[in-house]
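To start, the structure itself, in structure tokens.
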Amino acid sequence: MFYATTILAVKKDGHTAVAGDGQVTMGNAVIMKNTARKVRRLYHGKVIAGFAGSVADAFALFDKFESKLVDCNGNLVRAAVEFAKEWRSDRVLQKLEALLIMTDGEHLFLVSGSGEVIEPDDGILAIGSGGNYALAAARALVSVTDLSAREIAEKSLHIAADICVYTNHNVIVEEI
């Protein structure tokens, strides 16, 4: 499990929102930053990606993933699979510790360095130390409210921040 963040993606009614908190924690005791941006738009704004894990590793992975998007002409499915294969097999990339969530609005994936490319059945994904809290909140809100994907993602992140010490209320949401 990766600490120090919560990233959540919610797909609903033709919209996908990816939300992330802003907390960067050093070890188990020090909050180093409250306003980190862990959710970003890639490939001319057509793809949204969020990361949990080492910040330096995540930036290296964002760059590598964006180059795969360029190579695949923006095809997220192909780029995600090619990226996961390279991440798993490259000796340098294998050492990078992070998880990524990515979406183009149509597809939603969790990608890891061990080769997983997972598309959820219910259109909801979460990673990070507060991920399970945010996932549970989002699933509950989707089933009992008429809130939008963006509203569900934001409310769920705030619920996770109330529970997880590695997650704060400085929530950034990108929607596609």
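Quote the charge dipole size of the chain about the Cα centre in Debye, to the nearest 20; the model charges only the Cβ of Lys and Arg (+1) and of Asp and Glu (-1).
380
May I ask for the Kirkwood hydrodynamic radius of the stretch 10-85, worked out over all distinct Cα pairs and given in angstroms to one decimal?
Final number for the Kirkwood radius of the stretch 10-85 is 13.8 Å.
Go through MET102, MET32 and list them by solvent-accessible area, largest first, probe radius 1.4 Å.
The ranking, largest first, comes out as MET32, MET102.
What's the FRET efficiency of VAL70 with ASP13 using the Cβ-Cβ distance as r and R₀ = 30 Å, to the nearest 0.05?
Result of the calculation: an efficiency of 0.50.
When the accessible area of the stretch 35-176 is computed with all protein chains present and a 1.4 Å probe, what percentage of it is carbon and sulfur?
49
If you roll a 1.4 Å probe over the heavy atoms of the protein chains, what accessible area per residue do you get for the chain, in Å²?
Solvent-accessible surface per residue comes out at 48 Å².
In the neighborhood of ALA49, defined by Cβ-to-Cβ distances under 14 Å, what is the net charge if each Lys or Arg adds +1 and each Asp or Glu adds -1?
My count for the surroundings of ALA49 gives +1.
At 222 nm, what value in deg cm²/dmol follows for the chain if DSSP H runs of at least 4 each add -39500 (n - 2.57) and the sum is divided by all its residues, to the nearest 500?
Computed ellipticity for the chain at 222 nm equals -11000 deg cm²/dmol.
Hey, what's the Cα Rg ratio for the stretch 41-147 versus the globular rule of thumb, 2.2 N^0.38 Å?
Dividing the Cα Rg of the stretch 41-147 by 2.2 N^0.38 Å gives 1.09.
Which entries in LYS38/LYS155; LYS68/LYS155; LYS12/LYS33; LYS12/LYS46; LYS11/LYS85; LYS46/LYS155 show an alpha-carbon gap greater than 28 Å?
As for pairs spanning more than 28 Å Cα to Cα, those are LYS68/LYS155; LYS12/LYS33.
What are the residues whose amide H is under 5 Å from the amide H of GLY22, where those residues sit 5 or more places off or on another chain and H is modelled from the backbone?
ASN168, ASN170
The values are calculated or read from the model by the stated rules, or taken from the named source; none is laboratory data. Only a predicted model underlies this, so the values are computations on that prediction, with no experimental measurement involved. Neighbour counts run over all protein chains shown; Cβ positions are idealised from the backbone, glycine included. With ligands, DNA and RNA removed, areas are computed over all heavy atoms of the protein, side chains included. Shrake-Rupley method; radii C 1.70, N 1.55, O 1.52, S 1.80 Å.
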